[in-house]
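Nothing in this text is a laboratory measurement; each read-out follows from the coordinates by a stated rule. Treat the numbers as computed from the prediction; the structure is a model and nothing was measured. Methodologically, a virtual Cβ is constructed for each residue, glycine included, from the backbone with ideal geometry; neighbour enumeration extends over all protein chains shown.
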Amino acid sequence: MSETQATNQQAVIERVPGHSAMQLKDVAVSFNGRVAVRDATFDVAKNRVTSLIGPSGSGKTTLLRALNRLHDLTPGAKVSGQILLEGTDIYRGDVTVTELRTRVGMVFQRPNPFPTMSIYDNVVSGLRFNGIKKKALLDEAAETSLRSAALWDSVETRLKVAASNLSGGEQQRLCIARALAMDPEVLLMDEPTSALDPIATLKIEELMTTLKERVTIVIVTHNMQQAARISDDCAFLLMGEDRAGELIEFDTTEKIFNNPNDPRTLDYTLGRFG
């Protein structure tokens with residue numbers, strides 16, 4: 001997809017070889033002066049799945065949304081510290097939101113395809129928004145992305161059907177395909193299986209294991225078994241005494257679940273509090 005690649009090459013953010021896809025340095029998020037997340041510092045390693053775990057209200061989704069500047073239009077929201085995408089601070093300089101979201105895709109908790117659009121039009125909507133009009137490129141992107149999302153075989157003959165006709169699990173994979181069509185380097189996923197049945201959940205989990213070969217994944221999950229199954233690294237957040245979410249520990253998933261440094265981490269993964 002040369003046209004998409006050409007667009008990325010013109011971006012302000014430079015693609016820098018290295019181990020980390022994103023770096024968080026003392027990241028804090030507040031709303032109207034109330035701190036929701038504070039002092040989050042860790043690296044998101046390339047081509048790995050990083051899970052954000054912790055009790056409800058500990059700031060997981062708030063932190064995830066900061067990685068894609070989704071708080072920009074929230075009144076009173078402030079993000080401080082640094083969030084680097086391959087060395088460039090996404091909140092500083094000439095980085096536009098459109099450019100960033102081409103590089104950092106997002107899949108939300110509940111499937112959100114454009115219901116009146118066809119399956120095909122959903123997948124290529126972002127490319128069209130970015131000015132790509134050549135049918136051959138759009139067709140290639142649609143098939144490649146749907147194959148990557150393990151959806152092509154079931155929709156190949158239904159590309160003109162409205163996305164609302166798909167099952168919940170298929171709609172979520174369609175949203176993943178839509179994000180993948182932009183050829184992102186990082187894919188953010190906010191509890192992507194919480195609204196799905198166990199079979200659809202398993203398909204999404206298997207998909208993530210395959211996708212990390214081409215894209216770095218950061219996922220918020222409340223399911224400890226899921227985090228243990230699909231993530232390589234894990235960040236544990238907990239609400240502090242001042243009701244601000246804080247990063248308690250970040251390490252490989254194996255260490256977080258089997259030999260964490262902080263006893264609170266072990267208590268949480270074993271279900272002793274939540």
(message) To check my understanding: the extent here is largest minus smallest coordinate of the Cα atoms along each principal axis. What are those three numbers for the chain, in Å, largest first?
(response) 54, 44, 35
(request) Let me know the charge dipole size of the chain about its Cα centre in debye, to the nearest 20, where only the beta-carbon of Lys, Arg (+1) and Asp, Glu (-1) is charged. (result) 620 debye
(request) Largest first and in whole Å, give the semi-axes of region 179-274's equivalent ellipsoid, each being the square root of 5 times a Cα gyration tensor eigenvalue. (result) 25, 15, 14
(message) At R0 = 35 Å, how high is the FRET efficiency between Thr74 and Lys133 if r is their beta carbon distance? Nearest 0.05 is fine.
(response) 0.55
(request) Between beta-carbons, use under 10 Å as the cut-off and find the net charge around Gln172, counting Lys and Arg +1, Asp and Glu -1. (result) +2
(message) What are the equivalent ellipsoid semi-axes of region 103-161, built from the alpha-carbon gyration tensor (square roots of five times its eigenvalues), in whole angstrom, biggest first?
(response) 16, 16, 12
(request) Mind scanning Lys25/Lys78; Lys133/Lys160; Lys134/Lys203 and naming the pairs with a C-alpha gap bigger than 21 Å? (result) Lys134/Lys203
(request) Please give the contour-minus-distance gain from Glu143 to Arg110: 0.36 nm per residue of separation, less the Cα-Cα distance, rounded to one decimal in nm. (result) 9.5 nm
(request) Determine the percent antiparallel among the DSSP beta bridges restricted to region 2-269, to the nearest 5. (result) 60 percent
(request) Please work out the Cα center distance from region 58-81 to region 214-274, rounded to the nearest Å. (result) 20 Å
(message) Explain nothing, just the number: relative contact order of the chain, from Cα pairs under 8 Å at least 6 residues apart, as a whole percent.
(response) 26 percent
(request) Among Leu237, Leu202, Leu211, determine the one that fluctuates most according to a GNM of the chain built with springs between C-alpha atoms less than 10 Å apart. (result) Leu202
(request) Would you please classify the overall shape of region 86-221 from the alpha carbon gyration tensor, given that a ≥ b ≥ c denote the square roots of the eigenvalues, rounded means a/c under 1.5, and beyond that prolate means a/b larger than b/c while oblate covers the rest? (result) oblate
(message) At 222 nm, what value in deg cm²/dmol follows for the chain if DSSP H runs of at least 4 each add -39500 (n - 2.57) and the sum is divided by all its residues, to the nearest 500?
(response) -10000 deg cm²/dmol
(request) Sort out the exposed loop GluC sites (Glu not before Pro) in the chain (DSSP loop, at most 12 other Cβ within 10 Å) and tell me the longest stretch that has none. (result) 15-155
